[in-house]
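The structure appears below as structure tokens.
The values are calculated or read from the model by the stated rules, or taken from the named source; none is laboratory data. All values reported here derive from a predicted model rather than from experimental measurement. Cβ sites come from the backbone with ideal geometry, for glycine too, and all protein chains shown count toward neighbours. Side chains included, ligands, DNA and RNA excluded: accessible areas come from the protein's heavy atoms. Shrake-Rupley method; radii C 1.70, N 1.55, O 1.52, S 1.80 Å.
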Amino acid sequence: MTQIQQQQQHARLAFIGGGNMAEAILGGLLACGYPLSQCVVSEPIQDRCQFLQSKYPGLQTLSGPYANHLAVNGSTSSDDTSSLITSGSVQVNPTAASADFSPAQVVILAVKPQVLRSVVEDLAETIRSRSPLVISIAAGIETSAITRFMASGLPEGCASVNLPPVIRVMPNTPALVLEGAAGMYATADATLEHRQVAESLMAAVSKQVSWVESESLIDTVTGISGSGPAYFFLMMEAMEEAGVALGMDRETAKALTIQTCLGAAKMAQLSTDDLKTLRIKVTSPQGTTDAAIKAFEAGGFRELVQKGVAAADARSRTLAKELGGAKL
């Protein structure tokens, strides 16, 4: 990808966690031409490492107690790596490609929110020594908490020493098919270059990347696009069931529903009209669509959507307090 090549110059990427979202970002980058040799994935589950290795031949995957440290810190010689392998501190796949590699310039935290604190606190000294750009895709944990985790072990009064900038990302699951939407927030010490790097990485799997200047709006991003795919799945599920209830076979109802959703989204994306105008244009007075819209409105459709988005927003804020506060 030309933009990535220009802005990151093939920065060394360390994925801490190799789950679905990490794989989506990795796969998107590779599809856009990012070199496999500049990526390493640290993942505690060996079966998952083997899966990634089989899907992306030549990818360096690490597991074991020292895997995260090796991914971030790099290895300067085959002797260093061999000693870690011999001691059981790390398992490297493929071993032939593990003689040495550079320290990470970008660390992508892609672990579950419930374990992020322990992972970052364990990595704190290594991160401080290398000072990479840190990008978190863990839901619900604020940048201030991540910064605090990175300061673990520092003497009191030295909490701001050598702490790298943090960029928090709220992606969504359509990133798995390279159709994601992502909201992003950067700490004040993140430079324009840091922002460009993070945006380029996420653009490999997200068709829409939006920055917010207030971190609290990441909770709103969660309510709209982060959790949003499930809202549309629910709507499509209900439409399919309605078709079946009216005598249509399920496969036909499903196919028509999905294509209608895709077509409507495409129209909204390409049109210069706002969403309200698009709705009005396809709603003839006293027609079938008008009858359906009136039924939805009478049932409190808008209020339900607002309540749902607000509930997701509120839950995201609660998670931030639970997971970013006292150690669980």
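Assorted remarks:
- Matching residues, region 225-238, being under 16 Å from Ala310 (Cα atoms), in contact with a helix residue (DSSP H, G or I) (Cβ under 6 Å, 6 or more places away or on another chain) and not polar (S, T, N, Q): Pro229
- Subset of region 14-32 [outside any helix (DSSP H, G or I) and open to solvent by less than 40 Å² (accessible area, probe 1.4 Å)]: Ala14, Phe15, Ile16, Gly17, Gly18, Gly19
- Test result for Glu240, modelled with pLDDT of 95 or more, more than 30 Å from Ala31 (Cβ to Cβ), surrounded by fewer than 19 Cβ atoms within 10 Å (Cβ to Cβ) and charged (D, E, K, R): no
- Residue check, Leu192 more than 16 Å from the chain's Cα centre (by Cα), modelled with pLDDT of 95 or more, more than 23 Å from Cys261 (Cα to Cα) and not β-branched (Val, Ile, Thr): yes
- Residue in region 136-153 that is acidic (Asp, Glu), under 22 Å from the mean Cα position of the chain (by Cα), over 22 Å from Gln196 (Cβ atoms) and open to solvent by 50 Å² or more (accessible area, probe 1.4 Å) present: yes
- 1 or more residues at pLDDT below 90 and open to solvent by 40 Å² or more (accessible area, probe 1.4 Å): qualifying strands (runs of 3 or more DSSP E) within region 33-133: 91-93
- Leu256 meets each of the listed conditions (1) aliphatic (A, V, I, L, M); (2) loosely packed, with under 15 Cβ neighbours inside 10 Å; (3) in contact with a Gly (Cβ under 6 Å, 6 or more places away or on another chain) apart from (3).
- Selection of first residues in region 161-182 that are farther than 16 Å from Arg195 by Cβ and of second residues that are among the polar types (S, T, N, Q) and crowded, with 17+ Cβ neighbours inside 10 Å, restricted to Cβ pairs under 6 Å at least 6 apart or on distinct chains, gives the following pairs, ordered by first then second residue: Leu163/Thr147; Asn172/Ser225; Ala175/Ser206; Gly180/Asn172; Gly180/Ser206; Ala181/Asn172; Ala181/Ser206; Ala181/Ser225.
Per-residue answers, yes or no, for (1) under 20 Å from Gly223 (Cα atoms); (2) surrounded by fewer than 12 Cβ atoms within 10 Å (Cβ to Cβ):
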residue: Ala265; (1), (2): yes, no
residue: Gly287; (1), (2): no, yes
residue: Ala291; (1), (2): no, yes
residue: Ala298; (1), (2): no, yes
residue: Glu303; (1), (2): yes, yes
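- Matching entry among Ala255, Ala310, Ala265 (being modelled with pLDDT of 95 or more and farther than 25 Å from Gly226 by Cβ): Ala255
- Residue match in region 270-293 (condition: in contact (Cβ under 8 Å) with a residue 12 or more places away in the chain and of a type in the set (Asp, Glu)): no
- Residues that are assigned to a helix (DSSP H, G or I) and open to solvent by less than 60 Å² (accessible area, probe 1.4 Å) within region 274-285 comprise Thr277, Leu278, listed in sequence order.
- Top-ranked residue of region 154-182 - restricted to ones that are within 22 Å of Thr318 (Cα to Cα) and not in a helix (DSSP H, G or I), ranked as nearest to the chain's Cα centre (by Cα): Pro171
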